[in-house]
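The values are calculated or read from the model by the stated rules, or taken from the named source; none is laboratory data. Since the model is a prediction, treat every value here as computed from it, not as a measurement. All Cβ positions, glycine included, derive from the backbone under ideal geometry; neighbour counts span all protein chains shown. Note: accessible area is taken over every heavy atom of the protein model, side chains too, but ligands, DNA and RNA are not part of it. Shrake-Rupley method; radii C 1.70, N 1.55, O 1.52, S 1.80 Å.
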Amino acid sequence: MRRKPIELAAVATAAVPGLTPTAVSSAPDDPADFDSALLLDSEGKRWRVRSPRHAEASARLETEFLVLRAFAPAIRAELPFLMPTVAGSVRLGTLSTFVYSHLAGSTRSVEELTAGPDALAREIGVALATIHDLPRSLVSNADLPSYTPNEFRQRRLNELDQAATTGKIPPALLLRWEHAMEDVSLWRFNPSVVHGDLHEDNLLVEGQRVTAVTGWTDLRIGDPADDFAWLVASNEQDFVDAVLGAYTASRRDTPDNHLLRRAALSAEFALAQYLVKGIAAEDPGMISEAEEMLSTLARDIEEHGGQPISVEPQPAPGAPATGSVPTVGSAPAVGNVPAMRAADAEPSGLVPSVTVVPVPAPVQPAVHVTPISADSAADAATDNPAGSIGTKNSGQSKADDRKDLDDTSTAAISIVDVTKN
């Protein structure tokens, strides 16, 4: 059941003792996974509430809590951006709702970011480099996933197998993706810490600065190209080049030559993942939208040839693969399209610009701010009984150029199951 902003305000008062909301508005988020709201309290402070809609989304929020707790104040002080701070949490049935202290800045659309100044592109590149240069122990100590290049490639092949079983993906796309995933020369990279869910909605911007990075639900050690997928999907090559230039200059490790190719593959394959997610959720709207986007991508590649995503050229459909060996875990053949095989050759050359179809963000309704009286907040809290526990913690100050932005560190927070009260 979807929760309205006024209901989320009531939940927030249970999660953070002493919080008195005076106004509430809806907040941009993934509507398939979360209900979100922004609150203004009696002291003029802002808060963000995220309530999961199903068990998998709740697990992601709990993972994010572990991630944020792993970022000690000393680590946060070295970052060029701020991170969220969990102020409180409350369990409603089997799902956990979290309240975060508000961060300065606002989200911008991809079109607004790509049309922005070069300074903003450089800020994004530096932010990406900072994330990818984080110590890997940060992930391992939090017991989060870690993948070698081959493990990550095999994981993608397994996901391709699952997507192929839907019968809803054009065979030409399955062949294209399988060929790239089995091209082992494409998957030679140094694993790094990866945000895992980076896109425009998880970047807060103020002027020409990236003030904060949010959405830390999928932190892992893996392929840094995944954090570039949303950039490649923008189809704005000048913007991508500016970001990549700042990223390369800021990273301690030299990025591999095929980073943007894998980013393009990740952006395209996100359509298949979106379809599988829609089928699992039994959401006809998501399924229809995914099928339409997949068809559009397939037509674009058929008419214009598409941009290469694999290093080894893809044979023409129906042509036998020569000089190759079978790869375990390859996707099954679809229709009359044979499964391709991996090739180890790695020709040199610059990565060309990439044209892909991004997964569109859900259209957000206009935000309506609703004043909350003391009586209505109390009534809403009565309708949404919940146990509460919440803490506010102070952290180390940021660098001098960030001193105008508030930040606090995250401490352990106990979660009370209100159904047992």
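Observations
- Selection within the range 246-267 - in contact with a helix residue (DSSP H, G or I) (Cβ under 7 Å, 6 or more places away or on another chain) and either outside any loop (DSSP other than H, G, I, E, B) or among the hydrophobic types (A, V, I, L, M, F, W, C) (or both): Ala246, Tyr247, Ser250, Leu259, Leu260, Arg261, Arg262, Ala263, Ala264, Leu265, Ser266, Ala267
- Filtering the range 103-114 to residues that are in contact with a strand residue (DSSP E or B) (Cβ under 6 Å, 6 or more places away or on another chain) and open to solvent by 60 Å² or more (accessible area, probe 1.4 Å) leaves only Arg108.
- Positions within the range 34-69 being closer than 25 Å to Ala142 by Cα, assigned to a strand (DSSP E or B) and touching a Lys or Arg at 6+ places or on another chain (Cβ under 8 Å), in sequence order: Phe34, Ser51, Pro52
- Test: Glu123 is assigned to a helix (DSSP H, G or I), in contact (Cβ under 8 Å) with a residue 40 or more places away in the chain and out of contact with any strand residue (DSSP E or B) (no Cβ under 6 Å at 6 or more places or on another chain): no
- One residue stands out among those in the range 127-145 that are surrounded by fewer than 19 Cβ atoms within 10 Å (Cβ to Cβ) and in contact with a helix residue (DSSP H, G or I) (Cβ under 6 Å, 6 or more places away or on another chain): the one that is farthest from Phe65 (Cα to Cα), which is Leu138.
- Just one residue in the set Asn190, Asn150, Asn158 is open to solvent by 20 Å² or more (accessible area, probe 1.4 Å), in a loop (DSSP other than H, G, I, E, B) and under 28 Å from Pro308 (Cβ atoms); that residue is Asn190.
- Unmet requirement for Glu43, which otherwise passes all of (1) over 18 Å from Arg60 (Cα atoms); (2) in contact with a Leu (Cβ under 9 Å, 6 or more places away or on another chain); (3) charged (D, E, K, R): (2)
- Restricted to the range 220-233, and to residues there that are part of a strand (DSSP E or B) and open to solvent by less than 20 Å² (accessible area, probe 1.4 Å), the residue that is nearest to Thr63 (Cα to Cα) is Ile221.
- When Pro31 is tested against the conditions (1) modelled with pLDDT under 90; (2) in a helix (DSSP H, G or I), the lone failure is (2).
- Residue within the range 199-218 that is more than 17 Å from Gly105 (Cβ to Cβ) and either among the hydroxyl-bearing types (Ser, Thr, Tyr) or modelled with pLDDT of 95 or more (or both) present: yes
- Residue that is most open to solvent (accessible area, probe 1.4 Å) [pool: residues in the range 265-310 that are farther than 17 Å from Ala163 by Cα, out of contact with any Lys or Arg (no Cβ under 8 Å at 6 or more places or on another chain) and touching a residue at least 60 places away in the same chain (Cβ under 8 Å)]: Glu302
- Listed conditions (1) part of a helix (DSSP H, G or I); (2) within 27 Å of Asp143 (Cα to Cα) are all met by Thr217, apart from (1).
- In the range 48-96, the residues that are crowded, with 18+ Cβ neighbours inside 10 Å, more than 21 Å from the chain's Cα centre (by Cα), modelled with pLDDT of 90 or more and of a type outside the set (Val, Ile, Thr): Ala87, Gly88, Ser89, Arg91
- Unmet requirement for Ser36, which otherwise passes all of (1) surrounded by fewer than 23 Cβ atoms within 10 Å (Cβ to Cβ); (2) farther than 15 Å from Thr214 by Cβ: (2)
- Some residue of the range 234-244 being more than 14 Å from the chain's Cα centre (by Cα), crowded, with 19+ Cβ neighbours inside 10 Å, hydrophobic (A, V, I, L, M, F, W, C) and not in a helix (DSSP H, G or I): no
- On inspection, Trp177 qualifies as out of contact with any strand residue (DSSP E or B) (no Cβ under 8 Å at 6 or more places or on another chain), crowded, with 21+ Cβ neighbours inside 10 Å and over 29 Å from Leu66 (Cβ atoms).
- Checked against the criteria, Gly318 counts as closer than 15 Å to Pro171 by Cα, open to solvent by 40 Å² or more (accessible area, probe 1.4 Å) and modelled with pLDDT under 90.
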